[in-house]
1. Assigning unit charges at the beta carbon (Lys, Arg +1; Asp, Glu -1) and nothing else, what dipole magnitude in debye, to the nearest 20, does the protein assembly as shown show about its Cα centre?
2. Output the peptides B:240-246, A:72-78 sorted from most to least packed, where packing is the average of other Cβ atoms within 10 Å over each peptide's residues.
3. Restricting to Cα pairs below 8 Å that are 6+ residues apart, what does the relative contact order work out to for segment B:107-205? Please round to a whole percent.
4. Test of understanding: ordering A:181, A:226, A:232 by Cβ neighbours within 10 Å, fewest first, what list do you get?
5. Could you list which residues have their amide H under 5 Å from that of residue B:213, counting only those 5 or more apart in sequence or on another chain, with H placed in the peptide plane?
6. Please order B:12, B:114, B:148 by the number of other Cβ within 10 Å, starting at the fewest.
7. Taking every pair of alpha-carbon atoms in the protein assembly as shown, what share in percent sits in each 20 Å bin, from 0 to the bin with the longest distance?
8. Compute the normalised compactness of segment B:5-93: alpha-carbon radius of gyration over 2.2 N^0.38 Å, N being the residue count.
Number of protein chains: 2
Amino acid sequence: MISSIAELISDRIGAMPAGERRAAQTLIANYPLIGLKTVAEFSAAAGVSSPTILRFVARLGFQNYPEFQSSLQDELAAQLQSPASRTLSPSSPGGGAVSPMLEATLDNMRETFRHLSDKQLADIVAKLADRRGKTFLIGGRFTDPLARYMAAHLAIIQPNVFHLAGQESVWRDRLIDMGKRDVLIIFDIRRYQDSLVRFAETAHQRGVQIVLFTDQWLSPIARFARHVIAGRTAVPSAWDSSAALFVVAETLIGAVTRQLEADSAKRIRELESLR
Amino acid sequence: MISSIAELISDRIGAMPAGERRAAQTLIANYPLIGLKTVAEFSAAAGVSSPTILRFVARLGFQNYPEFQSSLQDELAAQLQSPASRTLSPSSPGGGAVSPMLEATLDNMRETFRHLSDKQLADIVAKLADRRGKTFLIGGRFTDPLARYMAAHLAIIQPNVFHLAGQESVWRDRLIDMGKRDVLIIFDIRRYQDSLVRFAETAHQRGVQIVLFTDQWLSPIARFARHVIAGRTAVPSAWDSSAALFVVAETLIGAVTRQLEADSAKRIRELESLR
DNA sequence: CAAAATACGTAACATACGATACAGCGCTCC
DNA sequence: GGAGCGCTGTATCGTATGTTACGTATTTTG
């Protein structure tokens, strides 16, 4: 079976005329980036003419040059998204149903954080730690627990943290309490829930700043969000994984706590004494 | 100093209008491949118009779209040529609060699964998939969301799954419904809650099989538990991390789903039709 | 509340890109 | 050594792509 274009090339390079072979060698040597450039650049790099490049990709079985480029991009996407899985998977020979799941989850986390800059997190932390407004949290069917988890922690280190739960009509009415200074943290992954989108839209119209936790395909709520955290969710399971988002949530919780160091320490002592 | 376009974006995303921010977010979420496609595809993915994409790249300082794409390609080339740079880059900026947290969490997961045998997980899966009894889930102050998360999934693929929540008196009374064939999944990490321990003890006396999710120091409930999953919780934060337990939970959910493949598929179809 | 400024999308435009027809050259085989 | 075939490059064409101008909607400011 042939899985990559590189293999396809080395498979057929023997049956190619000289010019196309030069094209093939140039592509292999600069794989795959030269193939993403224009035909003109590719041909210049290979030292052949444009038509030769086109004949080359045609011989590989592609209908046209864009189709060839799309294939290269898809390949690249798969490679970028699971950098470790191909190198690490042989290391765990046991092959129970466990390790693929773990490996995929670890990859997801690395990948999620790779797309997440310190700056972006710092902005969110600053917003959450700036206590002039209220913080609301809400989640979808499977992500509501994440909202709860985050709310449980944030509520300890600062006042005015509210988790929105229960029937839609209940939390929809809470919109009346939300304004410009407030922050709304929403968790929403596929399949995105209409009720949440509507809620987010209304909140946005009221000037509420929205922090969205979603998957890599971005919930439509991203449209209204001030900050978007896109977590990877793909795992070898019938379900999507929220683990990466969970870890981001924990990271934020930790960072906000550190930010509010002085205040939160006092608050925690006070809470202790209440028991 | 700004070395990558991703950093450049997160640096300026705050000063962008809504549409361009949306473009920025989709690029970060699908970095960098979406930026190598055509303006039309990029704009469609971001849900904005082509000119917005062009204004976006212009704001980043590029003269035109091709120049922007070249930059992305150069970046990609550098990244592909030294695969190690990807794993090293997060550690390079001096002490962002991010990577230590992530690294610790990843370590926790690896360590947690290292102490977890396939056999042990298989036993638990078999027990959960054996549907002659009921399944109850309950958690502590911070771990209740994990119980909810697991319950939300299990309840879809099989009947008789109950999450115990609310006031102590409420779920304590549910003990009357629990018997030998039933399973009780408890989440309990430091500081262990007395109420949970008492609950577990009573359930144990009634013959309920207990599956305990706890930390490496083991909740006292371990004494009554049939299966104990000990997750690592230490991270550089004021709080303990439940991420490792979360991943174990997701793994179990996935495994049980696979086990009940036929049944659950039918159930899910039936649920879909109810909507 | 009004007015200005900013931002966004629609539509027309120009360019540059990929595709193709054709001619020249070299190679092989009779 | 000559005729035929195949490979390659030049030049041209059509089109898809990036670009820009302009009108409308939205937000901000006085």
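Where a number appears in this text, it was derived from the coordinates with a stated rule and is not lab data. Computed from a prediction, not measured in an experiment: that's the story for all the values here. Positions of Cβ are generated from backbone atoms using ideal geometry, with glycine treated the same way; all protein chains shown enter the neighbour counts.
1. Details: 64 positive and 56 negative charges, 186 e Å.
So the dipole magnitude of the protein assembly as shown works out to roughly 900 debye.
2. Highest to lowest by the protection proxy: B:240-246, A:72-78.
3. On the way: 90 pairs, mean separation 32.8, N = 99.
Answer for segment B:107-205 is 33 percent.
4. A:181, A:226, A:232
5. B:186, B:187, B:188, B:229
6. So the residues, fewest neighbours to most, are B:114, B:12, B:148.
7. For the protein assembly as shown, the binned pair fractions read 20, 50, 26, 5, 0 percent.
8. Expressed relative to 2.2 N^0.38 Å, the Cα Rg reads 1.09.
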